[in-house]
Amino acid sequence: MIGTSHREDNQTLRVIVGNDAAVKAARMGKTNPWPEGSILAKLVWKDEIHPKWTKATVPGEFVHAEFMIKDSAKYQETGGWGFARWIGMNQAPYGKDNTFIQECQACHVQVKDNDFRFYSSCAPTLAYVPLRFWMSSGCVCLNAPKLEI
Ligand code: HEC
C-alpha cells in the first residue's frame, strides 16, 4: 500500500497500491521520476457508516479501479504514464475509446513536477495544497511499516 485519501465532495474512500517496483521506489523515496515498470492503482469505494459503530466510515459500494503505468517509450505523449480505469464490481472499461486519457491527463498535468502524481513523500507538499479540497486525509508516510497487500 502506498497511500490513502478521502474525498469529501463525492464521499469516497481511496486506497493507492503499487506493484513491487512502485512499492520499492516509494520505500527508497525514489519517486521523481518513478522507475520504469511502476504500476500504481487507485481503488475507490463509497463512504459507508458502520452500522454498529456510527463514528466509523468504512468502504461501501465499490466505485472504480484506475491505474497509472510507467512506460516512457510507450506513453511518451502522456508524460510516460499510461492511464486506465474500470468501473464497478463487473469492471467495465471506462470510455468509448482512448480519448478518456485526455481527461486523466488534464488533471494530472497539474502535478507534472511530481511526475504527474498527486502524492509526494510523507509531508503534504505545496504542490498539492491547492488540491486539498479533493482530499481530507493528506498522505500516508511512504516509509510507514510494511503492509502486505
Ligand atoms: C479532476 C482531477 C482528476 C482526474 C480527471 C483524474 N485524476 Fe487521478 N487523481 C487525482 C487526484 C487529486 C489524485 C490523488 C488523490 C486521490 O486519491 O483522489 C489522483 C490519483 C490517481 C491515482 C493514484 C496515484 C496518484 O497519483 O496518487 C491514479 C492511479 C489515478 N489518479 C489515475 C487516474 C486515471 C486513470 C484517470 C482518468 C480515467 C484520472 N486519474 C483522472 C485527480 C484526478
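The values are calculated or read from the model by the stated rules, or taken from the named source; none is laboratory data. Treat the numbers as computed from the prediction; the structure is a model and nothing was measured. Glycine gets a Cβ as well: all are built from the backbone with ideal geometry, and neighbour counts include every protein chain shown.
Assorted remarks:
- In the stretch 4-22, the count of residues that are under 22 Å from GLN102 (Cβ atoms) and either free of Cβ contacts under 8 Å to residues at least 12 places away in the same chain or more than 13 Å from the ligand (Cβ to nearest atom) (or both) is one or more.
- Residue satisfying all of: in the stretch 36-69; within 14 Å of the ligand (Cβ to nearest atom) and of a type in the set (Phe, Trp, Tyr); farthest from GLN105 (Cα to Cα) among these: TRP45
- Selection status of LYS30, of a type in the set (Lys, Arg), exposed (fewer than 14 other Cβ atoms within 10 Å of the Cβ), more than 19 Å from LYS112 (Cα to Cα) and modelled with pLDDT under 95: no
- The stretch 1-52: number of residues that are within 17 Å of MET68 (Cα to Cα) and acidic (Asp, Glu): 2
Here is a yes/no grid of residues against (1) exposed (fewer than 14 other Cβ atoms within 10 Å of the Cβ); (2) more than 10 Å from the ligand (Cβ to nearest atom):
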residue: ASP71; (1), (2): no, yes
residue: GLN76; (1), (2): yes, yes
residue: ASN90; (1), (2): yes, yes
residue: PRO93; (1), (2): yes, yes
residue: ASP97; (1), (2): yes, yes
residue: GLN102; (1), (2): yes, no
residue: ALA106; (1), (2): yes, no
residue: VAL111; (1), (2): no, no
residue: PHE116; (1), (2): no, no
